[in-house]
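Chemist: Encoded as structure tokens, here's the structure I'll be asking about.
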Amino acid sequence: RDAAYERLSFARRRQLHARAAAITREAGGDDLDGMVDLLSLHHFRAQQYAEAWTYARRAGDRARGAAANMAAATHYERALTAARRLGTVGPDEVGEVWTHLGDVCVGSARFDEARDAYGRAARLAVGPEMVAGAILRRARAYERAGRFSIALRDTAKVVSVLEDVDSVEADRLAARALALRSGIRCAQERPADSLRLAETAVAGARAAGEREGLAQALLIVDGMTRTLGRPAGEQNALEALGIYEELGDLTGQSKVHNNLAFELYYVGDWDRALDHLEQARAAAERTGDTVQSALATAFVGEIRVCQGRIE
């Protein structure tokens, strides 16, 4: 097939892909949801860019919903190329696709590509809240890649962009930025700073009704309180877990289960720790997050060593 395809002229390829797209649409009838992957490919290769823009976005969203991050990235990249060729797509729509591309690149640990995508989304964003949202996503990508200093600078940019904005959305974004900042300080092994920032973030998130930032900050408060040797129950982590379950955020759930496993490990409750690690790994795998899944698996190995179960 590949050899035959390579012998075709580019004009002939375009004709065949256009025919394949038409046949696919006819076969799908009124329900094209299961056909969008093929339509994304054939319309794009046929250089029918208006249709490619439509179906590639739909295919990307479908793949992203199924945590097929690499496939989603391919479709979003096609959509963006189609948008460039058309020259008529609005910057808000293009910026949204760049944001989605960044999200799936983070999910597949392609952090450099994610940062580039978020940067492009920020340049296309209209209004301070949208700009701040794109920069905040880029900061998370830097944080995931371990580039903490740059991530901190981006969180400061978020606060600067929102400085004179009086809106609920601005307050929510500021709370999320502060929660991320506290997480970065935690990663830099500065527990006192991390706890102070996280407690401020909790208050700001509660006031703004910001659920995602609240969950992140609660989790950090829980971890840093224990790190500093202060008494702490599981209430903060469990509240964070409840929020992540409410939001359907599997990545957040994975992090909470992983943190609870660490706490149980250090008090010697290894069976419960293993249960949380299995839940952490399952949640990470459902989102396609191979990094979090690998971390949970490695920790299971550590506990097995402690149990003397070397093999």
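The values are calculated or read from the model by the stated rules, or taken from the named source; none is laboratory data. Just so it is clear, the model here is predicted, and its values are computed rather than measured. In this analysis, Cβ positions are derived from the backbone assuming ideal geometry, glycine residues included, and neighbour counts consider all displayed protein chains. With ligands, DNA and RNA removed, areas are computed over all heavy atoms of the protein, side chains included. Shrake-Rupley method; radii C 1.70, N 1.55, O 1.52, S 1.80 Å.
Chemist: Ignoring solvent entirely, what values of log10 I(q)/I(0) come out of the Debye formula for the range 1-98 at 0.19 Å⁻¹ when each Cα is a single scatterer?
Modeler: Values, matching the q order: -0.92.
Chemist: Per residue, how much accessible area does the range 1-97 have with a 1.4 Å probe, in Å²? List each step's numbers first, then the result.
Modeler: Details: 5640 Å² over 97 residues.
Spelled out: the 1.4 Å probe surface of the range 1-97, per residue, equals 58 Å².
Chemist: A further question follows. What value does the range 152-311 have for Rg/Rh, both radii from Cα atoms and Rh as Kirkwood defines it?
Modeler: Details: Rg = 16.5 Å, Rh = 16.4 Å.
Reported Rg/Rh, Kirkwood definition of Rh: 1.01.
Chemist: With a 10 Å cut-off between alpha carbons and a GNM built on the chain, which of LEU136, LEU39, LEU247 moves the most?
Modeler: Most flexible of the set in this elastic network: LEU247.
Chemist: Also: With angles folded into 0 to 90 degrees, how steeply does helix 235-247 sit against the dominant principal axis of the chain? Use alpha carbons for both and round to 10.
Modeler: 20 degrees
Chemist: Next question, about the same structure. Could you tell me which trypsin sites (Lys or Arg not before Pro) in the range 1-79 are loop residues by DSSP with no more than 16 other beta carbons within 10 angstrom of their beta carbon?
Modeler: ARG1
Chemist: Could you please state how large a percent of the accessible area of the range 175-283 is carbon and sulfur, counting protein chains only and using a 1.4 Å probe? Write out the running numbers ahead of the final one.
Modeler: On the way: 2380 of 4810 Å².
The value for the range 175-283 is 50 percent carbon and sulfur by accessible area.
Chemist: Continuing with this model, one more query. Using the Cα gyration tensor of the range 11-59, with a ≥ b ≥ c the square roots of its eigenvalues, what is the shape: rounded (a/c below 1.5), prolate (a/b larger than b/c) or oblate (neither)? Write out the running numbers ahead of the final one.
Modeler: Working: a/c = 2.47, a/b = 1.35, b/c = 1.83.
Oblate, because a/c is 1.5 or more while a/b does not exceed b/c.
Chemist: Give, rounded to the nearest 20 debye, the magnitude of the charge dipole that the chain has about its Cα centre when Lys and Arg contribute +1 at Cβ and Asp and Glu contribute -1 at Cβ. Each step should come with its number before you reach the end.
Modeler: Numbers: 42 positive and 45 negative charges, 284 e Å.
Roughly 1360 debye for the chain.
Chemist: So with the 1.4 Å probe, I'd like the accessible area per residue for the range 179-218, rounded to whole Å². Can you show the working numbers first?
Modeler: Working: 1610 Å² over 40 residues.
Per residue, the range 179-218 has an accessible area of 40 Å².
Chemist: In addition: If the viscosity is 1.002 mPa s and the temperature 20 °C, what translational diffusion coefficient in µm²/s does Stokes-Einstein give for the range 253-298 when Rh comes from Kirkwood over Cα pairs? Each step should come with its number before you reach the end.
Modeler: Details: Rh = 10.0 Å.
Estimated via Stokes-Einstein, D reaches 214 µm²/s.
Chemist: Just by accessible area at a 1.4 angstrom probe, what is the order of PHE44, PHE299, PHE10 from largest to smallest?
Modeler: Working: PHE44 45, PHE299 20, PHE10 145 Å².
Result, largest first: PHE10, PHE44, PHE299.
Chemist: Please work out how much length the chain gains when fully extended from VAL168 to GLU26, using 0.36 nm per residue of separation minus the C-alpha to C-alpha distance, in nm with one decimal. Numbers along the way, then the final one.
Modeler: Values: separation 142, 0.36 × 142 = 51.12 nm, distance 4.66 nm.
Full extension from VAL168 to GLU26 adds 46.5 nm.
Chemist: Any idea what diffusion coefficient the range 91-156 gets from Stokes-Einstein, in µm²/s, Kirkwood Rh on alpha carbon pairs, 25 °C, 0.890 mPa s? Could the numbers behind the result be given before it?
Modeler: Working: Rh = 11.3 Å.
It comes out at roughly 217 µm²/s.
Chemist: At ARG1 and ARG190, where each label point lies 7 Å from the Cα along Cα→Cβ, what is the point-to-point distance in nanometres?
Modeler: 5.4 nm
Chemist: Related question: Bin width 10 Å, alpha-carbon pairs only: give the P(r) of the chain as whole percents, running from 0 to the bin holding the largest distance.
Modeler: Taking all Cα pairs of the chain, the binned fractions are 6, 22, 29, 21, 13, 7, 1, 0 percent.
Chemist: Please provide three numbers in whole Å: the alpha-carbon extents of the range 130-227 along the principal axes, with the largest listed first.
Modeler: 36, 28, 18
Chemist: While we're on this one: Considering only protein heavy atoms and a 1.4 Å probe, what is the carbon-and-sulfur percentage of the accessible area of the range 1-139?
Modeler: 50 percent
Chemist: Distance in nm between label sites at LEU247 and VAL126, each 7 Å beyond Cα in the beta-carbon direction?
Modeler: 2.7 nm
Chemist: Continuing with this model, one more query. Using the Kirkwood radius over C-alpha pairs as Rh, can you work out the diffusion coefficient of the range 120-167 via Stokes-Einstein at 37 °C, viscosity 0.692 mPa s, in µm² per second?
Modeler: Working: Rh = 10.8 Å.
Answer, rounded: 305 µm²/s.
Chemist: Right, another one. Rounded to the nearest angstrom and ordered from largest down, what semi-axes does the equivalent ellipsoid of the range 38-91 get from its C-alpha gyration tensor (root of 5λ)? Please list the in-between numbers first.
Modeler: Numbers: eigenvalues 68, 27, 12 Å².
Largest first, the range 38-91 gives 18, 12, 8 Å.
Chemist: Right, another one. With the calculation restricted to Cα positions, what are the radius of gyration and Dmax of the range 41-194 in angstrom?
Modeler: That works out to 16.8, 58 Å for Rg and Dmax.
Chemist: Measure off 7 Å from each Cα along the Cα-to-Cβ vector at ALA298 and ALA109, then give the distance between these two points in nanometres to one decimal.
Modeler: Label-label distance for ALA298 and ALA109, simple model: 0.9 nm.
Chemist: Please compute the alpha carbon radius of gyration of the range 229-311, then divide it by the globular-protein estimate 2.2 N^0.38 Å. Two decimals is fine. Provide the component values of the computation, followed by the final result.
Modeler: On the way: Rg = 12.9 Å, N = 83, 2.2 N^0.38 = 11.8 Å.
Computed over Cα atoms of the range 229-311, the ratio equals 1.10.
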